[in-house]
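In what follows, a single structure is set out as structure tokens and then discussed.
Read the figures in this text as sums done on the coordinates, not as results from a lab. Please read these numbers as outputs of a predicted model, since none were measured by experiment. Positions of Cβ are generated from backbone atoms using ideal geometry, with glycine treated the same way; all protein chains shown enter the neighbour counts.
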Amino acid sequence: MTLKILLVDDENPALGFLKRMLSTYPDLSISGCFNEPLLALEFLITEKVDVIFLDIEMPKINGLEAAARISQLCPDADIVFVTAYSQYAVEAFNLNALDYLLKPLQRNRVDQTINKLLKQAESRQPQAQIQTPLPTEDLQIQCLQQLHLRKANGEPVQLRWRTQKTMEVFAILIHYRHQTLHRSILIELLWPEWEPEKAIAHLHTVIYHLRKVLKEKLPTMHMNYENEGYRLDMGSILIDIEEWERSLHSAPSLHTETIEEHLLLQKAYLGDYLEVPGYLWAEGERQRLRILWQNHAVRLVEFLESNERYSEAINCYNHLQARAPFLEISYLGLMRIHARNQNNKAVKQQYEAMLQLFSQELNIMPSNDVQDWFAQWAVGK
């Protein structure tokens, strides 16, 4: 049995001495060494260890406070305090520390601690249970319209978020899924007005709860922590925006034999990227995907109209108008079709709706092309 251990001491000489001493024990494997407790807490959000050797007298956050947070992040890990001050002993054991080592460290005393740790680990061994990950090959994360999880057959999978910030961090990490996102960026996006220490503490809590959600519902998705940043390894989980964009770029040219495939592409665009609740940090990607959808919708509806598939063209123009109300082509296209069907009332309704919207919201008139078309139609109707 090998125990994974973490070392935390703000004094580099003491940290180095502890590392050298513990490296001589074959049953121990050092997972990390930190001279800042906050960085150690960041590490423990994504990495599991069996034992933490923790100094008490440290700036910013002392070892006793760090131990309380560690107990939340790693409830099964043992804590061994290492300090030069014996007055902390009672408080340390009140925090359920397994042992308390006084500096300077003595080999025989450290031997006792290691033996105690190994016996403790052996006593837990029979209770260890292996959890079989849930199958996730058929799961997809949907980002179009609103963030949620669904199966391949469209059935939704309930994700229970402890807070809205937990869900937002999940959305941010998906948004930046191809890169490691430094914690300072997360803090700037989530709590820009907060003091750094308070913001980091909240980030730790949010990440902890997010990891619990991933473990329960998305066991093949992993959160990696490196260089004070986070990155999601998506595993086998699909993302609807990637699938939609891939299908769009690989779609065949528009003609009568492929029209159904293009209609399905439009149907698959359920709404704008993270439209609800409309995160501001997602606006750039939201606009990019909307333009892709919009350009495809325009090509499709013009093809439908030119091939006299007027019923489908009307549906597409109405859908385009609802999602892009300031795009003139939807009004003009509907006016052309209604004029062809001699539905004069509908032509006027479209033109008047456009006039009112453009005037009230943009303080402009429709383009000369649209005004000229309507004027010629009004004369010849």
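Here are the numbers for this structure:
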read-out	value
The chain: angle of helix 259-268 to the longest principal axis, Cα-based, in degrees nearest 10	50 degrees
Sites Gln158 and Arg211, calculated FRET efficiency, Cβ-Cβ separation with R0 30 Å, nearest 0.05	0.95
Structure-based [θ]222 nm, the chain - -39500 (n - 2.57) summed over DSSP H runs of at least 4, per residue, nearest 500	-16500 deg cm²/dmol
Over 29 Å between alpha carbons, listed pairs Lys19/Lys119; Lys103/Lys198; Lys19/Lys217; Lys48/Lys119; Lys116/Lys198; Lys4/Lys60	Lys103/Lys198; Lys19/Lys217; Lys116/Lys198
Distance between modelled label sites at Asn341 and Gln356, nm, 7 Å Cα→Cβ extension	2.1 nm
Cα centroid separation, the range 182-200 to the range 204-253 (Å)	22 Å
Prolate/oblate/rounded call for the range 250-380, Cα gyration tensor, a/c under 1.5 rounded	oblate
Charged-residue dipole, Cβ positions (Lys, Arg, Asp, Glu), the chain about Cα centre, Debye nearest 20	560 debye
Cα centroid separation - the range 142-175 against the range 309-340, whole Å	33 Å
The chain: angle of helix 196-217 to the longest principal axis, Cα-based, in degrees nearest 10	80 degrees
Normalised contact order of the chain, rounded percent, pairs of Cα under 8 Å and 6 or more residues apart	11 percent
Over the range 3-126, relative contact order from alpha-carbon pairs under 8 Å, at least 6 apart, %	21 percent
Nearest-ten-degree value, helix 12-22 long axis tilted from longest Cα axis of the chain	70 degrees
Prolate/oblate/rounded call for the range 3-126, Cα gyration tensor, a/c under 1.5 rounded	rounded
Separation of alpha-carbon centers, the range 11-85 and the range 267-292, rounded to whole Å	43 Å
Relative contact order for the range 139-233, counting Cα pairs under 8 Å that sit 6 or more residues apart, in percent	28 percent
Quarter of the Cα convex hull surface for the chain, i.e. its orientation-mean projected area (nm²)	25.4 nm²
Sparsely packed GluC sites (Glu not before Pro) within the range 207-276, loop by DSSP, other Cβ within 10 Å at most 11	Glu257
Positive-end residue, the range 3-126 charge dipole about Cα centroid, Cβ charges, pick of Asn12, Leu38, Leu118	Leu118
Where labels lie 7 Å past Cα in the beta-carbon direction, separation of Gln287 and Met1 in nm	5.8 nm
